[in-house]
1. Determine which member of the set I108, I61, I130, I41 is under 14 Å from E28 (Cα atoms) and in contact with a strand residue (DSSP E or B) (Cβ under 7 Å, 6 or more places away or on another chain).
2. Tell me the residue from I41, I108 that is closer than 27 Å to I128 by Cα and either surrounded by 13 or more Cβ atoms within 10 Å (Cβ to Cβ) or of a type outside the set (K, R) (or both), please.
3. Counting just the residues of segment 132-158 that are over 21 Å from the mean Cα position of the chain (by Cα) and either of a type in the set (V, I, T) or crowded, with 19+ Cβ neighbours inside 10 Å (or both), which one comes out modelled with the lowest pLDDT?
4. In the list I6, I41, which residue meets the criterion of being farther than 17 Å from I97 by Cα, touching a Phe, Trp or Tyr at 6+ places or on another chain (Cβ under 6 Å), assigned to a strand (DSSP E or B) and not hydroxyl-bearing (S, T, Y)?
5. Looking only at segment 10-20, which residues are surrounded by 13 or more Cβ atoms within 10 Å (Cβ to Cβ) and either in contact (Cβ under 8 Å) with a residue 40 or more places away in the chain or charged (D, E, K, R) (or both)?
6. So, in segment 47-68, how many residues would count as being surrounded by 15 or more Cβ atoms within 10 Å (Cβ to Cβ) and either under 23 Å from I120 (Cα atoms) or among the β-branched types (V, I, T) (or both)?
7. Which ones in segment 59-87 are of a type outside the set (A, V, I, L, M, F, W, C) and more than 20 Å from D195 (Cα to Cα)?
8. Quick one: in segment 104-131, of everything that is among the aliphatic types (A, V, I, L, M) and at pLDDT 90 or above, which residue is farthest from the chain's Cα centre (by Cα)?
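The values are calculated or read from the model by the stated rules, or taken from the named source; none is laboratory data. Keep in mind the model is a prediction, meaning the values are calculated, not measured. No Cβ is skipped: glycine too gets one built from the backbone with ideal geometry, and neighbour counts run over all protein chains shown.
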Amino acid sequence: RGLYDIVVAKDNQSRCVGRYDNHGSFGELALMYNTPRAATIVATTEGALWGLDRVTFRRIILKNNAKKRKTYELFIESVPLLKSLEASERMKIVDVIGEKVYQDGERIISQGDKADCFYIVESGEVKILIKSKTMTSKEANQEVEIARCHRGQYFGELALVTNKPRAASAYAVGEVKCLVMDVQAFERLLGPCMDIMKRNITHYEEQLVAMFGSSMDLMDPGN
């Protein structure tokens, strides 16, 4: 229980990139790969935690990850974004991802929310919608579909790359399975893919200019 901020230091500056709110786990990356801590966790309220020592953790996690790797290895290799990674880097991603299932019409992420996860579509279809602040007040309350994501495609990266609130909402079309990576793992493991994701941001901006006459929604995506 309790609230815990995830703080990452970069270029001699520290910033909060996420928060654990009475659930979740942390500290696994350093234990799995014998590397320094990628982030600092700061308790912001009184709380209580369970802890595992390195030996016990590795014994449990390595057994579970062997099964997980068999399930996801081929799929991760087929994701275009991840092809630029080394095989060992892709396996690290397999080790930290989780799976979530969404039903038809269920909202996966909400425009204006703080970003905490990155998503890859494992099966099904996801539609991306945006409320444009450049429209009239009447039109601004309506969501406009700007893209659809299918198997192997990803979403939710924009807010993590720009460190801004979610610029769009995402909804399940039929039943959808997504692989989910939290912000800490995203920043640590997907650095080599950052250039590709930044190029895609440029594509998003071009789409918004074509649809709304402006890309200001990406720069200031609040409600």
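1. The conditions single out I41.
2. From the options I41, I108, the qualifying one is I108.
3. So the residue we want is T136.
4. Just a single option satisfies the conditions, and that option is I41.
5. Across segment 10-20, the qualifying residues are V17, G18, R19.
6. So the count comes out to 3.
7. Of everything in segment 59-87, those that are of a type outside the set (A, V, I, L, M, F, W, C) and more than 20 Å from D195 (Cα to Cα) turn out to be R59, K63, N64, N65, K67, K68, R69, K70, T71, Y72, E73.
8. Only one residue fits best here, namely L129.
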